[in-house]
1. So the check is Cβ under 7 Å with 6+ separation or different chains; which pairs have a first residue in segment 73-91 that's at positive phi and a second one that's surrounded by 12 or more Cβ atoms within 10 Å (Cβ to Cβ)?
2. Out of all the residues in segment 61-98, which are over 28 Å from ASN237 (Cβ atoms) and out of contact with any helix residue (DSSP H, G or I) (no Cβ under 8 Å at 6 or more places or on another chain)?
3. List the helices (runs of 4 or more DSSP H) inside segment 82-172, counting only whole elements, that have at least 3 residues being within 15 Å of ligand 2 (Cβ to nearest atom).
4. Taking the condition surrounded by 15 or more Cβ atoms within 10 Å (Cβ to Cβ) and either within 24 Å of ASN57 (Cα to Cα) or away from ligand 1 (no atom under 15 Å from the Cβ) (or both), does LEU155 pass?
5. Can you report the number of residues in segment 209-261 which are more than 14 Å from VAL122 (Cα to Cα), within 15 Å of ligand 1 (Cβ to nearest atom) and free of Cβ contacts under 8 Å to residues at least 24 places away in the same chain?
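Just so it is clear, none of the values below were taken in a lab; they were calculated from the coordinates. Note that the structure is a prediction, hence the values are computed from the model and not measured. Note: ideal-geometry Cβ built from the backbone for every residue, glycine included; neighbour counts use all protein chains shown.
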Amino acid sequence: MFKKVAKENIYSEHGALLLSKGSIITDEIQRKLSRLNTFELPERRPLKDISKNAPSNESQRIFDNAANRMQQKSLNLDPERFNRSSLILKKIIFDAKLNQWWMLTQALFNYLDWLYTHSIDVALMSLLIASQKRYSDKELKEIALGAFLHDIGMLLIPKTILTKTTTLEDSEKQLIKQHCDLGYSVIQEYNLSNISVNIILQHHERLDGTGFPRGISEAYISPEAQIVALADVIDANTSYYPRHTIKDINTVLQELNKKGLRFDAENIHIFKSLMNS
Ligand SMILES: [Fe+2]
Ligand SMILES: [Fe+2]
């Protein structure tokens, strides 16, 4: 009997490998694929390696998708600014194979699609804000890396908890809250800059001390962690995330400091100015 075989690797719209080249496409698989946005790309490394050896159209697609997501959120970003920030992040995701932390970017890519796109979008939004402040190119790269890896600790939380659509048990909530400390422990051996490390550890701290994991206040939270905290909360509330409803970006912005001064006012001001640029 004739068997249909995948001529190339088939990827999801987020770049996750769904079916490798040579796999037999059964009727059931065909039905599933037809329900998804899929792409057949020339062969790349079997472990979903997104290195610079991967087709350049793949990196382009990942960032085109990011640009689309920003537009869906009514972020009318200046294309030149967006491209500048994309370029910094692209180098981290695709051209940094010799760095020790490279494997972390790969691990993130392979865990959960929505966590990966969240990491990209938070890094892009953080870069867009940081680019309007006085940071050197080196510091911007460190911010991009910290922001891209800000939720790396989630990789140590079971998928069954992260993807749960019903109410979490208290113990599960506590475990998720540990992702900052878990992330901090994961990156210990990778010699990241202080800027990147503080972002991973402090992105859920709030200026009024109501955040976690330490409950520290403004003076103790690094300025870069404050930028990523803002980008993180905006993206998390305006994107898919299990167990919550997606909010409109203007509603999210209005709610930011409603219950107290939790996010830096200057960062919010910069973000709002970017929306209309
Ligand atoms: Fe987080
Ligand atoms: Fe996050």
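1. Sorted first by the residue in segment 73-91, then by its partner, the pairs are SER74/ILE249.
2. Result: ASP95, LYS97, LEU98.
3. In segment 82-172, 113-130, 137-148 are the helices (runs of 4 or more DSSP H) which contain 3 or more residues that are within 15 Å of ligand 2 (Cβ to nearest atom).
4. no
5. Going through segment 209-261 one residue at a time, the tally reaches 3.
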